[in-house]
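Working notes, structure below.
The values are calculated or read from the model by the stated rules, or taken from the named source; none is laboratory data. The model shown is predicted, which means the values in this text are computed figures rather than measured ones. Because the Cβ atoms are built from the backbone with ideal geometry, glycine has one as well, and the counts that use them run over all protein chains shown.
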Amino acid sequence: MYQETFEGLGLSPNEAKIYEVLVEHGQSGVSDIATHAQIHRRNAYDAIRRLVDKGLCFEIFSSKENLYSAVDPGKLLELADEKRRTVEIILPELNKKFHATSADEEAFIYKGLEGQKNVWRDVVRVGGENFFIGGKATWSDPRLVSSRAAFFKEANRKGITFKQLYDSEVIEKFPNHFKDYPGKSQNRLLPKKYSTTSAIHIFGDYVVTYTGLTQVKNIPDDVVFFVLHSASLAASYRTWFTYMWEQSKEIK
């Protein structure tokens, strides 16, 4: 049940299975651990020793059979913090190399919910003003609640702003959407006859085109984000946005 999460923290598949067994069953001998985890006893013993080394379980000595017990699951947060600190140490050098090799103009694709999270990371990295055409409140997809909160917390801290032209169906279906918007934003509506299943997001030297947006407050699993990195193209889109903004209806 939790194996994928445990493996994401650096545990091997066998270590993840055994830690979950120990949490669920409490103090156990190697034979019982191997049985519950459905792995060979020899492999179980090796994995247990590694869990001991990682501080996730400890040995209880006995005159019969030594037992093993899981350490409080709060220890997992320490592992997550250690992984984050490891990345933070090398991040400045990685960023330096990344920006040194970035092309002045390029095009690439993001997909799905993870694609949206990538866009947010780009927005936070670039900063400044953001412009949106054809918004459908997709950032309010319920599956993105925690990621969205973290994004806006950082965006507000960095003074990132948003000017957004929404499709009229947003306010028709969710009239209070704009009252609770967590970012520093100005919002207007496009005429109803200009609603589409696409949207455009402009920030810095980037233009992101969303396709296949068929519902309000929903990002389809197969949505595609076409990302264009071009200073001149982004500037052109901002000019077109300004014209559309001046013709659009204010949200009251």
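Set side by side, the residues Gly115, Gly128, Gly135 differ, and just one is assigned by TED's automatic domain parsing to the domain that holds Thr196 and on the phi > 0 side of the Ramachandran plot, which is Gly128. If you go through segment 180-206 and keep only what is over 17 Å from Ser168 (Cβ atoms), under 20 Å from the mean Cα position of the chain (by Cα) and free of Cβ contacts under 8 Å to residues at least 60 places away in the same chain, you end up with Pro182, Gly183.
Here are Arg188, Arg157: which of them is assigned by TED's automatic domain parsing to the domain that holds Ala137 and exposed (fewer than 14 other Cβ atoms within 10 Å of the Cβ)?
Details: Arg188 fails: exposed (fewer than 14 other Cβ atoms within 10 Å of the Cβ).
Testing whether each residue is assigned by TED's automatic domain parsing to the domain that holds Ala137 and exposed (fewer than 14 other Cβ atoms within 10 Å of the Cβ) leaves just Arg157.
I'd like the full set of residues that are in contact with a helix residue (DSSP H, G or I) (Cβ under 9 Å, 6 or more places away or on another chain) and closer than 20 Å to Ala16 by Cα, limited to segment 51-66. Selection gives Leu51, Lys54, Gly55, Leu56, Cys57, Phe58, Glu59. Sort out which residues of segment 119-156 are under 23 Å from Leu213 (Cα atoms), of a type in the set (D, E, K, R) and touching a helix residue (DSSP H, G or I) at 6+ places or on another chain (Cβ under 7 Å), and write them in order of number. Scanning segment 119-156 gives Lys136, Arg143, Arg148. Counted as qualifying within segment 1-110 are the helices (runs of 4 or more DSSP H) with 2 or more residues that are charged (D, E, K, R), namely 3-8, 13-25, 41-53, 75-101.
Within segment 207-238, being β-branched (Val, Ile, Thr) and touching a residue at least 40 places away in the same chain (Cβ under 8 Å) holds for Val208, Val216, Ile219, Val223, Val224, Val227. In segment 222-252, the residue that is modelled with the highest pLDDT out of those that are part of a loop (DSSP other than H, G, I, E, B) and closer than 22 Å to Trp120 by Cβ is Ser230. Looking across segment 50-77, the residues that are without any contact (Cβ under 8 Å) to a residue 12 or more places away in the chain and charged (D, E, K, R) come down to Asp53, Glu59, Lys64, Asp72. Note on segment 1-50: residues that are more than 34 Å from the chain's Cα centre (by Cα), of a type outside the set (D, E, K, R) and over 17 Å from Leu67 (Cβ atoms) amount to 2. Considering segment 124-141, the residues that are over 13 Å from Phe174 (Cβ atoms), in contact (Cβ under 8 Å) with a residue 24 or more places away in the chain and out of contact with any strand residue (DSSP E or B) (no Cβ under 8 Å at 6 or more places or on another chain) include one that is surrounded by the most Cβ atoms within 10 Å (Cβ to Cβ), namely Val124.
Restricting to segment 167-176, what's the tally of residues that are surrounded by 18 or more Cβ atoms within 10 Å (Cβ to Cβ) and either free of Cβ contacts under 8 Å to residues at least 60 places away in the same chain or over 22 Å from Leu213 (Cα atoms) (or both)? Before you say what the answer is, go through the steps one by one.
Step one: filter segment 167-176 for residues surrounded by 18 or more Cβ atoms within 10 Å (Cβ to Cβ), giving 167, 170-171.
Those still in the list that are either free of Cβ contacts under 8 Å to residues at least 60 places away in the same chain or over 22 Å from Leu213 (Cα atoms) (or both) too: 167, 170.
Here the count works out to 2.
None of Leu22, Leu11 is of a type outside the set (Lys, Arg), under 15 Å from Asp72 (Cα atoms) and surrounded by 21 or more Cβ atoms within 10 Å (Cβ to Cβ) except Leu22.
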